[in-house]
Protein chains: 2
Amino acid sequence: MKGAGAADRAGRQIRVGLDVGGTKIDAVAVDATGEIIGRHRRPTGWGEEAVVESIVASVAALADEAGLPISRIGSVGIGIPGLVDAEAGRVVHAVNLGVESLDLADRAERALGVPFRVENDVKAAALGAAVLSGVTGSMAYLNLGTGVAAGIVLDGRIWRGARGTAGEVGHISVDPHGRLCGCGQRGCVETFCGGGALAKAWGRPGALPIRDIFDAADAGDPLASALRDDLYHGAAAAVRVLVLSADVETVIIGGGLTALGDRLENGVRAALHAGAEASPFMRSLRLDERIELLPAGSPAAAFGAALVGASITEKEIVPHG
Amino acid sequence: MKGAGAADRAGRQIRVGLDVGGTKIDAVAVDATGEIIGRHRRPTGWGEEAVVESIVASVAALADEAGLPISRIGSVGIGIPGLVDAEAGRVVHAVNLGVESLDLADRAERALGVPFRVENDVKAAALGAAVLSGVTGSMAYLNLGTGVAAGIVLDGRIWRGARGTAGEVGHISVDPHGRLCGCGQRGCVETFCGGGALAKAWGRPGALPIRDIFDAADAGDPLASALRDDLYHGAAAAVRVLVLSADVETVIIGGGLTALGDRLENGVRAALHAGAEASPFMRSLRLDERIELLPAGSPAAAFGAALVGASITEKEIVPHG
């Protein structure tokens, strides 16, 4: 990188984005026009060393497959679960990855010679979903995965909040007599619509417990039916919280549970509709018309990470050789 | 006003703010340094004509008492309950004032020859509370009155949201088996900590029902004790929603119920503390340290209205004579 000048930097127009999940890394390469020109998926390593290695390998494989020399990559953005210090490029408490504390941006930069930026995965996905969906103004991205959290985008920028907990709607209690949440409270939104909580309440073996719940509910199983209703109810509650607090125009639902597709979307919509039936005020908000589901396999999270990386300023990109 | 020039406008340095409540109007005059140099309170009229008349009378009396000619008033801001179209200066559905639809800014401007700006009362109070409390960054103002609503201030500006419902945390349900809310839903935050809902649940005559509830609770009455706990619980739930969605740094509590003073503040603080006991995540948020109570009789709402009025641009202030 030493001595890289303006001409070199002008050639570094490709932005790479990585969505680092508990099981796989989804990587995309985005060109200067915002088009996705390459995509690569590979398993995530476990533990700090392996996470860094799998991230570096992911960027290298993506570049290789797309026929891009690393020297054309202007930035890499990473969306990763856990608490992220975006300024320092550090991630802590990423329990699903076996990471306690990791200087991720520094370590990956040293390995590849490309500037890295790190962001919480849900916040990065929110930005990607906002841009890919063409939403202007305000939106929230509600991630229904093992856990539940949202990211809020106001006027095209991630709203981080005062202490980084903006959008943590999964841990708002909506039922004092509800199930115990992993966080220690009762009746959190996440106990109703988090994949982990639902699988635990279902309690039967199976690789895809939420799909099993839906299939069993279709077949008339009363527990499955109640859990499916819980999922709809919890997601609807999260949507209400986001609109009645931040008043975002649109709530885009993403995350692993969107593999359920129409069954999920129709159920949440119906729950919002039913919840507003007795309330002229809630009806006036037309919440059922303000949700969208990301298509299964959407690259929104990795694309958002690429946008996060692209926000590295020119000054920061000047190589420190 | 005809022919008023730059010299005249330069002299119009006093900003007036009015907090128009269901029973009284609180009016303040603010000088160019932001100091409150006059304050006047009078009863609010009922119905559209009377509301305009009492607002005009309020400004005239304030100016008179402070020895200020009307010609020195650069703007009047009004905080008023109901749905406000701030651009048009119109208020609709201000049911506590007997107002169905009122072109308030236009009518008051015609009467006094001073530019008016109208804002929802809670949003105006939020701005005033933020400035008077010296809060920078993000804050929410939680108004505990007959009803419950919050205003969110981000970087010194009122966050209005996409459709004007930002901060409507009073109608988030936190208990599916809770009391029926006036809005038609069950277990809304407002059913726990709204003065109207609590007075109704108490059901005994008295001019100050919430104070009666507190006194009866102190004397060991079980219903009163339960309702007092509900108040603490509901206010704590509202604080949690505001921090876990918008992640404001500080929540300032205002509104009529702040007349309860320390009893209210200590109770809400204890409820936040107790609610976090079982949850390391909630404890890490230190919510009990992030609330403040406005002092009883604080002019924050009227002061905020003056700030709203002061945001009228120079172009708008050029007299239309």
Test: residue in segment A:252-267 that is within 14 Å of another protein chain (Cβ to nearest Cβ) and either buried (at least 20 other Cβ atoms within 10 Å of the Cβ) or without any contact (Cβ under 8 Å) to a residue 60 or more places away in the chain (or both): yes
Enumeration of residues in segment B:158-179 that are over 12 Å from B:Asn120 (Cα atoms), touching a residue at least 24 places away in the same chain (Cβ under 8 Å) and not hydrophobic (A, V, I, L, M, F, W, C): B:Gly170
A:Gly309, sole failed condition from (1) within 14 Å of chain B (Cβ to nearest Cβ); (2) open to solvent by less than 10 Å² (accessible area, probe 1.4 Å): (1)
Subset tally (residues that are of a type outside the set (Lys, Arg), at the interface with chain B (Cβ under 8 Å from one of its Cβ atoms) and at negative phi) for segment A:155-180: 13
Subset of segment B:270-290 (residues that are assigned to a helix (DSSP H, G or I), surrounded by fewer than 20 Cβ atoms within 10 Å (Cβ to Cβ) and more than 8 Å from every other protein chain (Cβ to nearest Cβ)): B:Ala270, B:His273, B:Ala274, B:Arg283, B:Ser284, B:Asp288, B:Glu289
Selection status of B:Gly151, in contact (Cβ under 8 Å) with a residue 24 or more places away in the chain, part of a strand (DSSP E or B), in contact with a Phe, Trp or Tyr (Cβ under 6 Å, 6 or more places away or on another chain) and open to solvent by less than 10 Å² (accessible area, probe 1.4 Å): yes
Residue among A:Ser101, A:Ser75 that is among the hydroxyl-bearing types (Ser, Thr, Tyr), more than 14 Å from chain B (Cβ to nearest Cβ), open to solvent by less than 10 Å² (accessible area, probe 1.4 Å) and more than 28 Å from A:Val241 (Cβ to Cβ): A:Ser75
Among residues of segment B:170-218, those that are under 17 Å from B:Leu264 (Cα atoms) and aliphatic (A, V, I, L, M), counted: 9
Among the candidates A:Gly79, A:Gly74, residue that is assigned to a strand (DSSP E or B) and over 29 Å from A:Arg163 (Cα atoms): A:Gly74
Which listed residue, of B:Ala124, B:Ala111, is at pLDDT 95 or above, open to solvent by 30 Å² or more (accessible area, probe 1.4 Å) and hydrophobic (A, V, I, L, M, F, W, C): B:Ala111
Residue among B:Ala235, B:Ala197 that is buried (at least 21 other Cβ atoms within 10 Å of the Cβ), more than 14 Å from every other protein chain (Cβ to nearest Cβ), in contact (Cβ under 8 Å) with a residue 60 or more places away in the chain and not in a strand (DSSP E or B): B:Ala235
Any hit, segment B:6-23, residues being farther than 27 Å from B:Gly151 by Cβ, surrounded by 15 or more Cβ atoms within 10 Å (Cβ to Cβ) and in contact (Cβ under 8 Å) with a residue 24 or more places away in the chain: yes
Near pairs, Cβ below 6 angstrom, 6+ apart or cross-chain, from segment A:130-144 (within 14 Å of chain B (Cβ to nearest Cβ) and in a helix (DSSP H, G or I)) to any residue that is among the aliphatic types (A, V, I, L, M) and buried (at least 24 other Cβ atoms within 10 Å of the Cβ): A:Ala130/A:Met139; A:Ala130/A:Val153
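Conditions (1) assigned to a helix (DSSP H, G or I); (2) closer than 27 Å to B:Arg240 by Cα; (3) within 22 Å of the chain's Cα centre (by Cα), marked per residue:
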site: A:Arg228; (1), (2), (3): yes, yes, no
site: A:Arg240; (1), (2), (3): yes, yes, yes
site: A:Ile252; (1), (2), (3): no, yes, yes
site: A:Glu265; (1), (2), (3): yes, no, yes
site: A:Ala305; (1), (2), (3): yes, no, yes
site: A:Ile312; (1), (2), (3): no, no, yes
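The values are calculated or read from the model by the stated rules, or taken from the named source; none is laboratory data. These numbers were taken from a predicted model, which means no experiment stands behind them. Methodologically, a virtual Cβ is constructed for each residue, glycine included, from the backbone with ideal geometry; neighbour enumeration extends over all protein chains shown. Surface accessibility is based on the protein's heavy atoms, side chains included, excluding ligands, DNA and RNA. Shrake-Rupley method; radii C 1.70, N 1.55, O 1.52, S 1.80 Å.
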